[in-house]
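The values are calculated or read from the model by the stated rules, or taken from the named source; none is laboratory data. Keep in mind that this is a model prediction, so the values were computed, not measured. A quick note on method: Cβ atoms are made from the backbone with ideal geometry, for glycine too, and the neighbour counts reach across all protein chains shown.
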Amino acid sequence: MSSISESVERRLAILEAGRPLVRLVDEIIEAYPDPYSQAYAHAQRIVRKHTGRAMDPRFIWWHQFPTGSTSHLSYSGWQHAGPPQQSTHLTELVIQRFDTHFQQAPDELDQWGGFYRQGANASVFDERNEVRMLGSQVQADLWRIDFGAEHRASIEQFWGAHGPHFRVLAKINVLGRGVLARRAGHITQTDYGRLRTMASDALVAGVMPTLEQLQHDSAHSPLVVKRYALDERDRGCFYSLEAEDGRVLLYMPWQADAFRGFESSLARARWLRNELKTANTLDAFANAALAGVQSEARERAVHLHLNGIADSASDEAAMQLLAFLERPVTGDFFTYLSIQARDDMRHNATLMLDNSELRKAMWKGYLAAFLKVFTGFAPLGWPMTLMLLGASVAKVGLDVDEALHAHDEQSRKRALREAMLDSLFAALNLAEVGFQSSFASLAYETPAHELSVPLEHWEVLPSSSQSLQGREANELVPAMPELQGRLRGVRVRNDGSCWIMMNGLTYRVRYSQELSKWLIVPPDNPFAFVPVDPVRLSEAGEWELLGRPQLLGGSPPAVAGMPSTTSRFWETYTSVNDTQSKILSSRALSRQKNVLKDWDIVQLLPGRAPDLDERGLDCVMVNDNPHFSYRHEREYFNSLIEYYTSDESRINDVFRYGAYRHADEDVYIAELADELERLPDSNGATLFRGGHRSRGTGGDRYHAGQLKVGDVLVNTDLTSFTENPYKAAEFASERPTQAPGTLPGLFDESSVIYELPVAQYQNGTPISAFSLYWDEAETLFLPGNFFRINKLEQVYGYHYRFIKVTLGQIGKPAVGPVYDLRTGLLFDEAVYRARFRTPALAQRFFPV
């Protein structure tokens, strides 16, 4: 076996050891009782209850006014003139509640306030920007939420279920930070060996740690642990780990460089004394000890002790002061850290009032003081729990306030995950293995359709299966495959990529730890979001493709001109699974934000309200020119896109029927098109679009054989695709009172799902970061894009069937018929142009 193959085999062994630990990280992050996430979830439920839609609460404000006038157009019956006396985001309202006066007179909420899609800077507050919810009804919902009691219960549940997991991940963090310190020369190999033994005496030098080994403790730790009490509630600013030979390790869990090794306690005191003479370093130690708590008495005590060390007359004097501050840590160090983190979370939660206490505070006028102490959602700054798992402020790269209060829950969780995995990668010595794919393999977030697949029931398929069309690669691979281990039959290139030969064709493969099988993957992206195509090596040494067996009930009636097939991929995504759907949408949002990250976008500075254009639309004015796309902290905004995604917008009626609701809709369409053309395009994800007869977008003409492979379609309106196949399945079905099984609705002969594979389109603009409905994972195409039908197939399961249309974007064909993507009808350009009041608009999308 070559050295490259040995490295790949070692990478597979790392995956086997590491993937269970990655799952542990994901479980901790998902279960972590983040109070902001809990408040956000309540806000989402309130919005869905009253509007029937999953609008993002970050776009919803509660405004309270000194006056109001009646209106027969608004949902509440009232309209207001700004500016409001008080403005609160809906998520914050879940915590803060309405003013005390309205607790006694809830009916007045609808007169003096309302919910709106714009902030306090808006020029109008009426039916044009209202959210159809009544304050009086929302107040009743809020009092059904006992937030303080609920949060405390979630903390107890978290520690009851995940306490042992915390200890394992805390060990990984110590080992990972130790590896980094050893590489940087801050500690010795002997120091690291002692850390390893302290974590578990089952760990062996040079052998990757496993979950089972990390769950085992050390009977005799070679290190004595002491902490330094800078004040009565110091959570562990730094620790001393001392060996019998006098050598000392300084552990600072909040620091990027967490470990420092010293020959003696005196050398450690000398280093601390010198470091603390720098004001920035002293402040960093103080912040770690105080954790953001605003207490003058505590600040004085912490700074007194730190300054005392820095200003000591000698190194010996500094060592004496440190000895005075020392407190022994008895028993297992990781159990101690676990108890400290749990108690820290419990203490934070005591500052959250339950409903009965909240009512008393309101009646006694204490609420303002309570809110000042509470400071939003995280009174004690960065949680110790996250810090001890490797997600320190420095590593996550977020400002404390921004990270804990940001509306962007998905980005926050992703940042935490990356920080924790960083320690895991180091603990597994992944850097020594090489190959960027090693990191990607371990961090890979396995999609739902790759989990729990019963491969033992799958059958050998012909290698010419349609699912492999386009997957073959024109790559030079080694002439001889590997002969042993998991790599038997696999050809390994110098970059560590893995390939197989099957029936004379070359395919790239990736090993799935979850399925213990090799999977055929796209040659340019082994981690692409694609159906599962497992292969196995036969007794004759030939690769075989596996597929799902035929359903016992047989297949549905055949459709002329296309094959019928089952699909594990669509078996997963035609079922309702809100949790998995949210995960996919959040990954899509994160991807789309990465597209925007390097784009030159206007920034709205913290504390500044958006400007308004002449129509009252939010924007940022630069040299008297409105910029509708802007970023505020970690969030993106565009009022034109927000309106398009709102329930009030019927703008596609102009494209479809020539139906206008407002006189300025052509102007709006032109400005929206300008904005979409300015935003960056992206073709880095496979897109889906569902259609059904009940929505006027069905696939009857495919079912009737009137549309065939090779035909050309054109989109004639603002056309949405999604990165989330769960959403496509919803739109491909008709939602009845009760759908069979776990399906989102009823599928029939008009059900159709379009697929635009990654890199097979050019002009899609990701808009989820700007949308009122981020979970739709939306990419938008302006009218006038042409798509060729590359593949047609009928996909079916026990309770569903639909026509799957695989598309690829092309230029405008010179000759031949073109069909409307939405209806399947022959496109009549003259009829289309006649729908617009402004001829230049049609000319823009369909130039002559």
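Overview of values
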quantity: Qualifying residue in the range 77-87 (condition: aromatic (Phe, Trp, Tyr) and at pLDDT 90 or above); calculated: yes
quantity: Residue that is farthest from ASP56 (Cα to Cα) [pool: residues in the range 109-136 that are surrounded by fewer than 18 Cβ atoms within 10 Å (Cβ to Cβ) and among the hydrophobic types (A, V, I, L, M, F, W, C)]; calculated: VAL124
quantity: Residue check for ALA31: surrounded by fewer than 17 Cβ atoms within 10 Å (Cβ to Cβ) and closer than 15 Å to HIS162 by Cα; calculated: yes
quantity: Criterion: in the same structural domain as GLN809 (by TED's automatic domain parsing) and in contact (Cβ under 8 Å) with a residue 60 or more places away in the chain - qualifying residue of GLY658, GLY699; calculated: GLY699
quantity: Residues that are out of contact with any His (no Cβ under 8 Å at 6 or more places or on another chain) and under 17 Å from ALA81 (Cβ atoms), drawn from the range 118-160; calculated: GLN118, GLY119, ASN121, ALA122, SER123, VAL124, GLU127, ARG128, ASN129, GLU130
quantity: Close pairs (6 angstrom Cβ cut-off, 6 or more residues apart or separate chains): assigned by TED's automatic domain parsing to the domain that holds GLY541 in the range 474-492, in a strand (DSSP E or B) and surrounded by fewer than 13 Cβ atoms within 10 Å (Cβ to Cβ) anywhere; calculated: GLU482/ARG488
quantity: Some residue of the range 570-584 being surrounded by fewer than 16 Cβ atoms within 10 Å (Cβ to Cβ), of a type in the set (Asp, Glu) and not in a helix (DSSP H, G or I); calculated: no
quantity: Which listed residue is more than 30 Å from PRO253 (Cα to Cα) and touching a residue at least 60 places away in the same chain (Cβ under 8 Å), from ALA184, ALA170, ALA120; calculated: ALA120
quantity: Verdict on THR70 being out of contact with any helix residue (DSSP H, G or I) (no Cβ under 7 Å at 6 or more places or on another chain) and of a type in the set (Val, Ile, Thr); calculated: yes
quantity: Count of the range 490-527 residues which are part of a loop (DSSP other than H, G, I, E, B) and touching a helix residue (DSSP H, G or I) at 6+ places or on another chain (Cβ under 9 Å); calculated: 12
quantity: Subset of the range 611-641 [aliphatic (A, V, I, L, M) and either closer than 15 Å to GLN118 by Cα or part of a helix (DSSP H, G or I) (or both)]; calculated: LEU612, LEU617, VAL620, LEU640, ILE641
quantity: Looking only at the range 659-695, and only at residues there that are in a strand (DSSP E or B) and of a type in the set (Gly, Ala, Ser), the one that is surrounded by the fewest Cβ atoms within 10 Å (Cβ to Cβ); calculated: GLY690
quantity: Selection status of PHE65, within 30 Å of TYR116 (Cα to Cα), in contact with a His (Cβ under 6 Å, 6 or more places away or on another chain) and of a type outside the set (D, E, K, R); calculated: yes
quantity: The lone exception for LYS727 - which of (1) among the basic types (Lys, Arg); (2) touching a residue at least 24 places away in the same chain (Cβ under 8 Å); (3) surrounded by fewer than 20 Cβ atoms within 10 Å (Cβ to Cβ) it fails; calculated: (3)
quantity: Flag if SER264 is in contact with a strand residue (DSSP E or B) (Cβ under 9 Å, 6 or more places away or on another chain) and of a type in the set (S, T, N, Q); calculated: yes
quantity: Residue in the range 147-168 that is part of a loop (DSSP other than H, G, I, E, B) and closer than 30 Å to ALA609 by Cβ present; calculated: no
quantity: Whichever residue in the range 738-768 is hydrophobic (A, V, I, L, M, F, W, C) and crowded, with 23+ Cβ neighbours inside 10 Å and, among such residues, is modelled with the lowest pLDDT; calculated: PHE747
quantity: Single residue of PRO209, PRO222 found to be part of a loop (DSSP other than H, G, I, E, B) and surrounded by fewer than 21 Cβ atoms within 10 Å (Cβ to Cβ); calculated: PRO222
quantity: Complete set of residues in the range 503-515 that are more than 21 Å from ILE14 (Cα to Cα) and either surrounded by fewer than 18 Cβ atoms within 10 Å (Cβ to Cβ) or among the basic types (Lys, Arg) (or both); calculated: ASN503, GLY504, LEU505, THR506
quantity: The range 595-604, residues that are loosely packed, with under 15 Cβ neighbours inside 10 Å and assigned to a helix (DSSP H, G or I); calculated: LYS597
